[in-house]
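As structure tokens, the structure follows; a few thoughts come after it.
Here, each number is a calculation from the coordinates, and none is a lab measurement. Please read all numbers here as calculations on a predicted model, not as lab measurements. Neighbour counts are summed over all protein chains in view; Cβ atoms, including those assigned to glycine, are modelled from backbone coordinates with ideal geometry.
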Amino acid sequence: MNTIETLGPRLLERLPAAVQRPSYDRASLAPGMAHLGVGAFHRCHQAEYTDDLLALQFDRWGIVGINIRPPTLADTLGRQGGLYTRLTRENDHVEARVIGSIVKVVDSQDSPDPALAVLASPDIELVTMTVTEKGYCHIPSTGALDLGHPDIIHDLANPDAPRSVPGILTRALEQRRVTHGRKLTLLSCDNIPTNGVILENVVRAFAERRGDGLADWIAANAAFPSAMVDRIAPAVTQDDLDSVERWFGYRDTAVAVGEPFRQWVIEQKFAGRIPSWDLAGATFVDDVTPFEHLKMRVLNGAQTTLATLGVQAGLEHTFDAVADPLLSVFVRRMLVEETLPTLMPVPGIEPLAYVEQSLGRLKNTAIRHRNHQIATDGSQKIVQRLLNPIRDCLERGTSIGLLSVPVAGWMAYLILASARFGKRWPVSDPYAGRIAAIADETGRDAQALASAILAIDTIFDPGLAANEIFRAAVTSALGELLSDDPMAAVRHSLEQDQVARLKRSKQSAL
Ligand code: CS2
């Protein structure tokens, strides 16, 4: 019988020629950093950059991959000795490569101890993380630690048995302080604005409550650089796993699929040594802010817009939504007219070309990014993707008619998932329950719905929520999105934008 082999160190030498393999001596790779949250994105991004670096300049930078939330890693990556196939796909083109930079995996879903043992170890000089936006337990509108968060309440009462990211990291730093005192760099790779600052805020706020000078020790011995990370790498499907078996003849339970494009801009602010990822194409800069705004407002802003409006137009994936003639005109005009003027100059990047490149990436039909996946946790995403550019437009006195539509799109997405509106689709968002309760109480009146949602000050800054132009634009789009013709919101905002532009050009001609 012909049994299909599973990927693992023994198969490395016998991989088909079409699959690239690590070119360094993996057996002598020692762990030097840990990563929290080993999902598709990490496997397509930081782990690949590290694999590139190890091939160029071998060093002690093996990764220990830790999951504190499902899925478990032992039966997949663990069984494969940390090896996995990374596919990059663009329409019909596939490129396959086995990545070797993860040397060990640790499951810490049931107890924090396995994670703490790694994070507190003197061998670990750096911790990178992709724990999703909500993993930071911060208040989206302010960036402060959410002291009302159930996991934070739990962790402050049980600091030895933490379950939140801030609780686990603070505990690890506390253990480092008493055991060996070595410094640590903590590098957030999530799409939250000023991610390093937010990470530092939540850890410091937690440590201050622990007392005993811990917060001061952390301030002197840990660094929290910010970073902009980019590569589209959707949740892996059974079909992705099967395709490796079909194309290359071996089984891999930890495949990751991404687009060819990747980018990583990291603030130079480290507590000690860090990998020379710049050799592998990452950029070290003094200030990440312009890069971060560009990426979150343009690429992520487009994704959230296409996702929330795409779902309502019955479209499954990003590439379906961007192929829709109305949505494609809408998203380009929104980015060019309203978002771009809010951006600061970005060294080496031409903004219009960046918009075109981003929209081009979203057309890739081999990247099957579901609109529902992107719409997940929208409450944690809209501040940096939509509300911050809206705030900047309002300050400049420029129009926000288009950017307000996806904000209403996020509201409608959660409202339509409520019992009162017939549970149109299942949703996952920390604010889903709150919005469903508002929908149940308020009913169909768009003005009342918008008012109640805009009053959630942990998402909407009160100054923004009080702005009449913003309120009117969101309310009118929400009314249409909840009607039988949801795309009327998109059409009408484009028409109004056209009229306003004509008016402006007539005025400037006078
Ligand atoms: C996506 C991101 O799910 C989402 O929210 O918008 O994961 C996006 O694909 C990445 O930020 C691209 O770098």
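Mind jotting down the distance between the C-alpha centroids of region 159-196 and region 360-400, whole Å?
When both Cα centres are located, 29 Å separates them.
Count the net charge of all other residues whose Cβ sits under 11 Å from the Cβ of residue 41, scoring Lys and Arg as +1 and Asp and Glu as -1.
Result for the local shell: 0.
Send over the Kirkwood Rh of region 289-509, from the inverse of the averaged 1/r over different Cα pairs, rounded to one decimal Å.
By the Kirkwood definition, the hydrodynamic radius is 17.4 Å.
Using Stokes-Einstein with the Kirkwood hydrodynamic radius over Cα pairs, what translational diffusion coefficient do you get for the chain at 20 °C and a viscosity of 1.002 mPa s, in µm²/s rounded to a whole number?
Stokes-Einstein gives a translational diffusion coefficient of 89 µm²/s.
Which shape class, rounded, prolate or oblate, goes with region 1-74 when its Cα gyration tensor gives a ≥ b ≥ c as root eigenvalues, a/c under 1.5 marks rounded, and past that a/b bigger than b/c marks prolate?
Oblate, because a/c is 1.5 or more while a/b does not exceed b/c.
Quote to one decimal, in nm, the extra length available between residue 6 and residue 278 on full extension: 0.36 nm per residue of separation minus the C-alpha distance between them.
Stretched fully, the residue 6-residue 278 segment lengthens by 94.6 nm.
In the neighborhood of residue 326, defined by Cβ-to-Cβ distances under 15 Å, what is the net charge if each Lys or Arg adds +1 and each Asp or Glu adds -1?
With Lys, Arg at +1 and Asp, Glu at -1, the net is -3.
Between residue 123 and residue 451, what is the label-point separation in nm under the 7 Å Cα-to-beta-carbon projection?
6.1
Got the relative contact order for region 212-257 handy, in percent, Cα pairs under 8 Å and 6 or more residues apart?
That works out to 30 percent.
Please list 203-211, 10-18 highest first by mean number of surrounding beta-carbon atoms within 10 Å per residue.
Ranked from most to least packed, the peptides come out as 203-211, 10-18.
Roughly what would the spin-label model give for residue 79 and residue 93, points 7 Å off Cα along C-beta, in nm?
3.4
Only Lys, Arg, Asp and Glu count, each charged at its Cβ (+1, +1, -1, -1), so figure out the dipole size of the chain about its Cα centre, rounded to 20 debye.
My answer is approximately 240 debye.
Counting pairs of alpha carbon atoms under 8 Å apart in space and at least six apart in sequence, what relative contact order in percent does region 289-509 give?
For region 289-509, the relative contact order is 22 percent.
Give me the extension gain from residue 111 to residue 502: residue separation times 0.36 nm, minus the current Cα-Cα distance, reported in nm with one decimal.
Net length gain for the segment: 134.6 nm.
Considering the dipole of the chain built from charges on the beta carbon (Lys and Arg +1, Asp and Glu -1) around the Cα centre, which of 509, 206, 164 is farthest to its positive end?
Value: 509.
Pop the C-beta distance of residue 55 and residue 323 into the FRET formula with R0 = 25 Å and round what comes out to the nearest 0.05.
Between residue 55 and residue 323 the formula returns 0.10.
For the chain, build the charge dipole from Cβ charges (+1 Lys, Arg; -1 Asp, Glu) around the Cα centre, then report which of 244, 486, 76 sits farthest towards its positive end.
Looking along the dipole axis, the top candidate is 244.
Restricting to region 9-285, what percent of DSSP beta bridges are antiparallel, rounded to 5?
Of all bridge pairs located within region 9-285, approximately 30 percent are antiparallel.
Quick check on packing: order 141-153, 448-460 by the mean number of other C-beta atoms within 10 Å, highest mean leading.
By packing density, highest mean first, the sequence is 448-460, 141-153.
Work from the charge dipole of region 289-509 (Cβ charges, +1 for Lys and Arg, -1 for Asp and Glu, about the Cα centre) and give the residue of 433, 467, 452 farthest towards its positive end.
Working it through, the farthest residue towards the positive pole turns out to be 467.
Mind checking the dipole of region 406-510: about its Cα centre, +1 per Lys or Arg Cβ, -1 per Asp or Glu Cβ, Debye to the nearest 20?
About 320 debye.
With a 10 Å radius around each residue's Cβ, average the other Cβ atoms per peptide and rank 249-255, 306-312, 90-96, 361-367, highest first.
By packing density, highest mean first, the sequence is 306-312, 249-255, 361-367, 90-96.
Once R0 is set to 51 Å, what does the formula 1/(1 + (r/R0)^6) return for the Cβ-Cβ distance between residue 357 and residue 160, expressed as a FRET efficiency to the nearest 0.05?
0.60
Where both partners of a DSSP beta bridge lie in the chain, what percent of those bridges are antiparallel, to the nearest 5?
35
Taking 0.36 nm per intervening residue step and subtracting the Cα-Cα distance, what contour gain separates residue 235 from residue 25 on full extension?
72.6 nm
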